[in-house]
Amino acid sequence: MKKIIYAIFTLFIVNITGCKDEYKESSFEKDIPIVRSNTIYFLGSSTIEYFTPSLKMWPEKYQLNTINLGKGGELIDTMCIRIGALPAHATFSKNKIKINEKNYFKADWGIDNSLKPFEARIVDIDGIIGVDTEGYYFESQQEAYIDINQAYPIKSLQKLIPDSIFILNLGKNNLLNLSHGQDSYNYVFDKTKQCAEWINKNITSRTIVVGHFTAVNANDDLSSNIQALNKDLKLYYSSNFFDLNYLLSDRNIWQNLQITPTTSDYEAQVKGDLAVSLSSDSIHLNNKTNQFITDQIYKTMIEKKWIN
């Protein structure tokens, strides 16, 4: 009877594969279509946050679920900690976490007054991490006694869908603010790499790292840092690097946007600065430029066959 069952099974495999070779599980699995998530996460600071109005057309056309995790002013450590991509610890100032109170703690990363509050788990209880003028705090609906001499791991509760798509633009404010000794392009590059590698290992390999642009009349330190960072990001991420600054410096952008540039605009492009006619203020893009950039990002995903 076992021989009969085996013969029937073998005949079945031959019929569906068209192959008379011995059945191999790996070759059979290659014929199974891969079902990928249609969710796209955008993570960054104001450059990403201000993309929001420009992200509406493509999701409707391609049935995409677009989630913008951007927060203006935020530094690279906190935006990555919010999604669980960087390790983080909290040392509390009091020996008890109280209900509906701001339980302040000392963090093992720099203070970020622009932190976007996020759900997290500390000492096996869930709550919200936020920041105010007194520092970082943890609010919870549960109580717990703690050791004020212990640094407790922070576990982000941000829900992320496996095999989704991630668009990253990390660390612009570190370069702009020159704060906490975390302003060098090397620091931003290392943290970007650490965050992207965590995403690649735990969530998805479909990641695009978006480069940075400078500012209107940028100072030399900012320009040199961003140029060096973009160069290293492009070298490291290759086809998964989106060269934002190149697009903004390309003279074809004026025709694409149907904008008549000024002499100052051309001079800014040559210097590598943000042209005034593409900006809403000294460090942000205007709506028309944002729409053009997000369109190019979506087209990049189509070219990679990540969406269709």
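Points to keep in mind about this one:
- For the chain, the longest site-free run once trypsin sites (Lys or Arg not before Pro) in DSSP loop states with at most 10 other Cβ atoms within 10 Å are removed: 160-304
- Estimated vicinal HN-Hα couplings, Hz - segment 105-121 in sequence order (Karplus 6.51, -1.76, 1.60; Gly, Pro = x): 9, 8, 9, 8, 9, x, 5, 9, 6, 9, 3, 7, x, 8, 6, 8, 10
- Taking max minus min of the alpha-carbon positions on each principal axis, the chain gives extents of 79, 63, 34 Å, largest first.
- Order of Phe138, Phe213 under a 10 Å beta carbon neighbour criterion, fewest first: Phe138, Phe213
- Between Gln142 and Lys56, the modelled labels are 4.1 nm apart [label points 7 Å from Cα along Cα→Cβ].
- The chain: most fluctuating residue of Ile48, Ile167, Ile148 per GNM, C-alpha cutoff 10 Å: Ile148
- In a simple Cβ point-charge model (Lys, Arg +1; Asp, Glu -1; nothing else charged), segment 89-153 has a dipole of about 100 debye relative to its Cα centre.
- Helix-only [θ]222 nm of the chain, DSSP H runs n ≥ 4, -39500 (n - 2.57) each, per residue, nearest 500: -11000 deg cm²/dmol
- log₁₀ of I(q)/I(0) at q = 0.12, 0.14, 0.16, 0.23 Å⁻¹ - segment 89-153, Debye sum with one point per alpha carbon: -0.24, -0.33, -0.44, -0.96
- Positive-end ranking of Thr66, Ile226, Tyr236 along the dipole of the chain, with charges on Cβ about the Cα centre, is headed by Thr66.
- For the chain, size of Cβ-based charge dipole, Lys and Arg +1, Asp and Glu -1, in debye: 1060 debye
- Amide H contacts under 5 Å for Lys106, placed H, 5+ residues apart: Thr91, Phe92, Ser93
- Summing charges over neighbours of Leu64, with a neighbour being any other residue whose Cβ is under 12 Å away from its Cβ, gives +2 when K and R count +1 and D and E count -1.
- With both labels modelled 7 Å from their Cα along Cα-to-Cβ, the Asp163 to Gln194 distance reads 3.0 nm.
- Filter on Lys201/Lys304; Lys231/Lys271; Lys159/Lys305; Lys116/Lys159; Lys56/Lys193 - keep pairs with C-alpha separation over 18 Å: Lys201/Lys304; Lys159/Lys305; Lys56/Lys193
- Among Thr133, Thr204, Thr78, residue whose mean-square fluctuation peaks in a GNM of the chain (springs only between Cα atoms under 10 Å): Thr133
Quick note: the coordinates plus some simple rules give every number you see, no bench work behind them. Note that the structure is a prediction, hence the values are computed from the model and not measured. Every residue, glycine among them, receives a Cβ derived from its backbone with ideal geometry; neighbour counts consider all protein chains shown.
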